[in-house]
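Undergrad: My structure is below; once you've seen it, I'll send some questions.
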Amino acid sequence: MEASILREKFLNFFKAKKHKLVESDTLQPKDDPTVLFTPAGMNQFKKEFMGYDSGFSRAATCQRCLRTDDLDKVGKTSGHHTFFEMLGNFSFGDYFKKEAIAWAWEFLTVELQIDKNRLWVSVYRDDDEAYKIWRDTIKVPVEKIIKLGDKENFWPSEAKEKGPNGPCGPCSEIFFDRGKDSGCGSKDCNPACSCGRFMEVWNLVFTQFNRKDGGKLEPLPNKNIDTGMGLERLAAVMQGVANNFETDLFSPIIKEINAAIPDKGRENKTLVYALADHIRAVVFSIYDGILPSNEARGYVVRKLIRKSVLHLRALGITEPSFYKLVPIVALVMSTYYPELKKRQENIAEIILVEENNFITALNSSHALFKDKFHGFLERQDPETVGKITFQLYDTYGMPLELTQSWLEKHGVSLSMQAFNQELSLQKNRSKQQSNMKGDVFGSGDLDYGSKETRFLGYTKLNTKAKLIRIIKAGAKASKISKGDEAIIVLDKTVFYAEGGGQVTDTGEIVKGKNVFQVSEAKRAGKVVLHIGKVTQGSFKTSDEVNAVVDAQRRMAIARNHTATHILQAGLRKVLGPHVQQQGSLVAEDKLRFDFTHFKDIDEEQLARVEEFVNNEILNNITLDVKESTLAQAKKSGALAFFGDKYEAKVRVVSIHGTSMELCGGTHLNATGQIGIFKITQESSVASGVRRIEAVTGAVAYKIIKEEEGVVAELSAMLGVPKQNLIPEIEKRSNRLKELEKQLSNQMVDALKSSLDNVIREAETVKDARLIVKLLPNMDMELLRKNVDLIKEKCDNSLIALASSSQGRALLVVGVGPALAGRLDAVKLIREVSGMIGGSGGGRPDFAQAGGNKPQNIPQALEEIKTRIRNLL
């Protein structure tokens, strides 16, 4: 049975059991700081597990998940993955063990018709209730029910003894028996054995206790169900294969890999399987808006790409090839993720940029090693070398063997103990970030006195409302007075809560002369929290109040938000349809838009985008806003931000003939209200991601007036009309360059005439002539020419010249041809460049450095003298 059918059958089965089918959360959980990636199906329901009423008490999902704690096992075992899909059904104070167990058994044995005789179950050793249900109701033979302890059958694992405090409970697992020919072969083998014969298929967690200090377990008032079943493992069972990588979720990807690699490489199934796993993880990470970077989630994606490049190299492929697997992943997953096919070129481009960058780094690894280890060529420090080696392995993706080979060749000692210690620390960090944590539910007060705050802010800027909850210092309060900081909950509001890239509204909540200044509005589920301070009078629960948004600020935000939509349309028109939003900020004073694009954007293209937006403003197009189902909106071509999760009902903002997007933000009535649009900056923020910053309205007008003022001032200074400024500046610039050239030639001529004196005054150190001088008012080019002239006259010279220019320290070091190989100019410059507040580089015979501490030039020159004397 195909995996796509299994996914559909599971969801339909629980839909028939009156479960709400909830769309998968993204891989980057929005409201859960306890995890780096979404590790399980239950994470998006933490509020519901703590008693928040979302309007449903039963749910079922197919959640895409990513874990990295067992990264080193991926490809080596049959069932370890980074990315996987978890099928789950959940109950929030509704049904409990009896129904959860019965429905799990029914789905496996009736719906999927798995042979009952091949299924075993485990229960927590003290959970007599679950044991009796399996034995007496489900009729599982007692010899196929095993009791396990806190580590195996309690969630979180060993929580009773080790914590953390919070919701917890026993669990029951269902195992599939692969048969006596699998595993250890012992006749006593059961699911407690780790030989691989028994595959865990489904885990049923019964969250029924609240752990307190000292390991005390108190019954929860509402008992919950949280189950998880890996789609990949279920597919292996249903397709009769012993390995997840042999299922239809992986086999087409593996076929594609094998077609690309040499015949000999196909024998290395471990690397082939790892590649098939990693491409799925990378594709879905980027699909969910997680781009390769050096921080947090992006760092994991970059690491997976780099590991894959190394795997491909080990299999005989040295050219960028990992990105070529994106289309087959999109095809395999297209039934449930049709949007993936539309974005496959975009995703492949991002991976290709990363591959090229890493391959370039690998090909220039000698330079990187030399830079990182040059200080240890003569001064051994195995511990520090071990830590740097791990940094290269972990951050740069450099293979340990490659680094070891370079170190051995250059006689640098490496402590593998230090390397392994750093590796162990990193694994622990990874587990802490990737694993589900016991305190994932948090312990905050979720009782805000309402299930939902009615939002009227799309059409109103003020409204009458009822004050239904006051929260002060983290606890409910009945009254607040002047000076008190608090959170106020209203039955309805006009305040837009921060979200979707748009900043929060600010304003006031007023009752007569009593004023609560709202500095921030945030969402807790569907409830809007008004955060601020009482500046006058007092407030109490049940007060009738007026909520008033700062209208001028809201208008400025709306200008920037509507302009952002037009900007995206302009970018897609000028640069191409591959442009996809990767993030945004809509504030009152500016807008920022991040998007996928794989080349630099030139001035002409930027000008065309800016012109497009301003033309749409001049056209004064009326905005059309309507609600729609998510499916209908996508079918109509509305753009969505792929890092967001949308409700079944969505808001579609359209600018006729220009833009149509899913958006919950506040907007203008017509584009003409924007006034002016001006791009202020364009830059790169990550591989394949560009950023545009812009301003609108009064802010844009102010900047334009400031620029006009600069032009007028220049015109007055140069004594020419504005229209003649550029020719005049070009004329003066050319004249200045000519004068600088003449001055430079004069200075060189003057130096030539004094070179003999300079060389005669040089210090003799053994067979070398040491020339160290501070020369006033010279740029780097003149310093370099001086070094070349001295070398021509004195081939056994060692030269260090310095100068300061425009507040910068300049330093050059040269080695005459007769001394080539005895001293390294690059090493010398790097050892002293820190003294002048900078860094340097170059060739063994010439190196230069610049810094921001010209006052330290004399000390730096003395240090060079000392080092040269010690080296000769």
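The values are calculated or read from the model by the stated rules, or taken from the named source; none is laboratory data. Predicted model only: the values in this text are computed from it and were never measured. As a convention, Cβ positions derive from the backbone with ideal geometry for all residues, glycine included, and neighbour counts pool all protein chains shown. Remember, those area values only see protein heavy atoms, side chains included, never the ligands or the DNA or RNA. Shrake-Rupley method; radii C 1.70, N 1.55, O 1.52, S 1.80 Å.
Undergrad: I'd like the full set of residues that are part of a strand (DSSP E or B), in contact (Cβ under 8 Å) with a residue 60 or more places away in the chain and open to solvent by 10 Å² or more (accessible area, probe 1.4 Å), limited to the stretch 662-682.
TA: Scanning the stretch 662-682 gives LYS678, ILE679, THR680, GLU682.
Undergrad: Would you mention how many residues in the stretch 298-336 are in a helix (DSSP H, G or I), under 24 Å from the mean Cα position of the chain (by Cα) and small (Gly, Ala, Ser)?
TA: 3
Undergrad: With the requirement that a residue be under 28 Å from the mean Cα position of the chain (by Cα), open to solvent by 10 Å² or more (accessible area, probe 1.4 Å) and either aliphatic (A, V, I, L, M) or within 18 Å of VAL515 (Cβ to Cβ) (or both), what does the stretch 540-573 give you?
TA: ALA569
Undergrad: With respect to ILE101, is the statement that it is in contact with a strand residue (DSSP E or B) (Cβ under 9 Å, 6 or more places away or on another chain), surrounded by 15 or more Cβ atoms within 10 Å (Cβ to Cβ) and not in a loop (DSSP other than H, G, I, E, B) true?
TA: It is true that ILE101 is in contact with a strand residue (DSSP E or B) (Cβ under 9 Å, 6 or more places away or on another chain), surrounded by 15 or more Cβ atoms within 10 Å (Cβ to Cβ) and not in a loop (DSSP other than H, G, I, E, B).
Undergrad: Something else now. Can we say VAL650 is free of Cβ contacts under 8 Å to residues at least 24 places away in the same chain and crowded, with 19+ Cβ neighbours inside 10 Å?
TA: It is true that VAL650 is free of Cβ contacts under 8 Å to residues at least 24 places away in the same chain and crowded, with 19+ Cβ neighbours inside 10 Å.
Undergrad: Taking the stretch 180-208 only, how many residues are over 18 Å from VAL123 (Cα atoms) and touching a residue at least 40 places away in the same chain (Cβ under 8 Å)?
TA: The number of residues fulfilling the criteria is 2.
Undergrad: How about the stretch 113-192: which helices (runs of 4 or more DSSP H) wholly inside it have at least 1 residues that are of a type outside the set (D, E, K, R) and out of contact with any Cys (no Cβ under 7 Å at 6 or more places or on another chain)?
TA: Because the criterion is at least 1 residues that are of a type outside the set (D, E, K, R) and out of contact with any Cys (no Cβ under 7 Å at 6 or more places or on another chain), the helices (runs of 4 or more DSSP H) in the stretch 113-192 that meet it are 128-132.
Conditions (1) assigned to a loop (DSSP other than H, G, I, E, B); (2) open to solvent by less than 50 Å² (accessible area, probe 1.4 Å), marked per residue:
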{"position": "LYS9", "(1), (2)": "no, no"}
{"position": "LYS15", "(1), (2)": "no, no"}
{"position": "PHE37", "(1), (2)": "yes, yes"}
{"position": "ASN43", "(1), (2)": "no, yes"}
{"position": "LYS47", "(1), (2)": "no, no"}
{"position": "GLY51", "(1), (2)": "yes, no"}
{"position": "ARG64", "(1), (2)": "no, yes"}
{"position": "ASP69", "(1), (2)": "yes, yes"}
{"position": "ASP72", "(1), (2)": "no, no"}
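Undergrad: Over 14 Å from ILE771 (Cβ atoms) and among the charged types (D, E, K, R): does that describe LYS793?
TA: no
Undergrad: Against the conditions (1) small (Gly, Ala, Ser); (2) touching a residue at least 12 places away in the same chain (Cβ under 8 Å); (3) within 21 Å of MET86 (Cα to Cα), where does ALA130 fall short? Just the number, please.
TA: Exception for ALA130: condition (3).
Undergrad: Checking the conditions here, which among ILE703, ILE726 is open to solvent by 40 Å² or more (accessible area, probe 1.4 Å), part of a helix (DSSP H, G or I), free of Cβ contacts under 8 Å to residues at least 12 places away in the same chain and among the β-branched types (Val, Ile, Thr)?
TA: Of ILE703, ILE726, the one residue that is open to solvent by 40 Å² or more (accessible area, probe 1.4 Å), part of a helix (DSSP H, G or I), free of Cβ contacts under 8 Å to residues at least 12 places away in the same chain and among the β-branched types (Val, Ile, Thr) is ILE726.
Undergrad: Here is a follow-up. Identify, by number, the condition in (1) part of a loop (DSSP other than H, G, I, E, B); (2) under 23 Å from LYS526 (Cα atoms); (3) in contact with a Ser or Thr (Cβ under 8 Å, 6 or more places away or on another chain); (4) open to solvent by less than 50 Å² (accessible area, probe 1.4 Å) that GLU23 doesn't meet.
TA: Only one criterion is unmet by GLU23, namely (4).
Undergrad: Follow-up. Scan the stretch 296-313 for residues that are farther than 17 Å from VAL35 by Cβ and of a type in the set (D, E, K, R) and jot them down.
TA: The answer is ARG302, LYS303, ARG306, LYS307, ARG313.
Undergrad: Give the number of residues within the stretch 469-497 that are crowded, with 16+ Cβ neighbours inside 10 Å, farther than 14 Å from GLN517 by Cα and small (Gly, Ala, Ser).
TA: Total meeting the criteria: 2.
Undergrad: Then there is this: Return yes when LYS827 is open to solvent by 30 Å² or more (accessible area, probe 1.4 Å), in contact with a His (Cβ under 7 Å, 6 or more places away or on another chain) and touching a residue at least 60 places away in the same chain (Cβ under 8 Å) and no when it is not.
TA: The answer is yes for LYS827.
Undergrad: Among the residues of the stretch 471-488, are any in contact with a His (Cβ under 8 Å, 6 or more places away or on another chain), at pLDDT 95 or above and assigned to a strand (DSSP E or B)?
TA: Yes, because at least one residue in the stretch 471-488 is in contact with a His (Cβ under 8 Å, 6 or more places away or on another chain), at pLDDT 95 or above and assigned to a strand (DSSP E or B).
Undergrad: Out of the stretch 372-390, which residues are assigned to a helix (DSSP H, G or I) and open to solvent by less than 70 Å² (accessible area, probe 1.4 Å)?
TA: Correct list: LYS372, PHE373, HIS374, GLY375, PHE376, PRO382, THR384, VAL385, GLY386, ILE388, THR389, PHE390.
Undergrad: Only residues that are among the hydrophobic types (A, V, I, L, M, F, W, C), within 42 Å of the chain's Cα centre (by Cα) and open to solvent by 30 Å² or more (accessible area, probe 1.4 Å): list them for the stretch 181-207, please.
TA: Across the stretch 181-207, the qualifying residues are ALA192, CYS193, CYS195.
Undergrad: Turning to a different aspect of this structure: Determine which member of the set VAL748, VAL685, VAL689 is open to solvent by 50 Å² or more (accessible area, probe 1.4 Å) and either under 49 Å from the mean Cα position of the chain (by Cα) or under 30 Å from SER797 (Cβ atoms) (or both).
TA: Selected residue: VAL685, the only one of VAL748, VAL685, VAL689 that is open to solvent by 50 Å² or more (accessible area, probe 1.4 Å) and either under 49 Å from the mean Cα position of the chain (by Cα) or under 30 Å from SER797 (Cβ atoms) (or both).
Undergrad: Given (1) within 26 Å of ARG178 (Cβ to Cβ); (2) at pLDDT 90 or above; (3) of a type in the set (Lys, Arg), identify the lone condition not met by ARG266.
TA: Single failed check for ARG266: (2).
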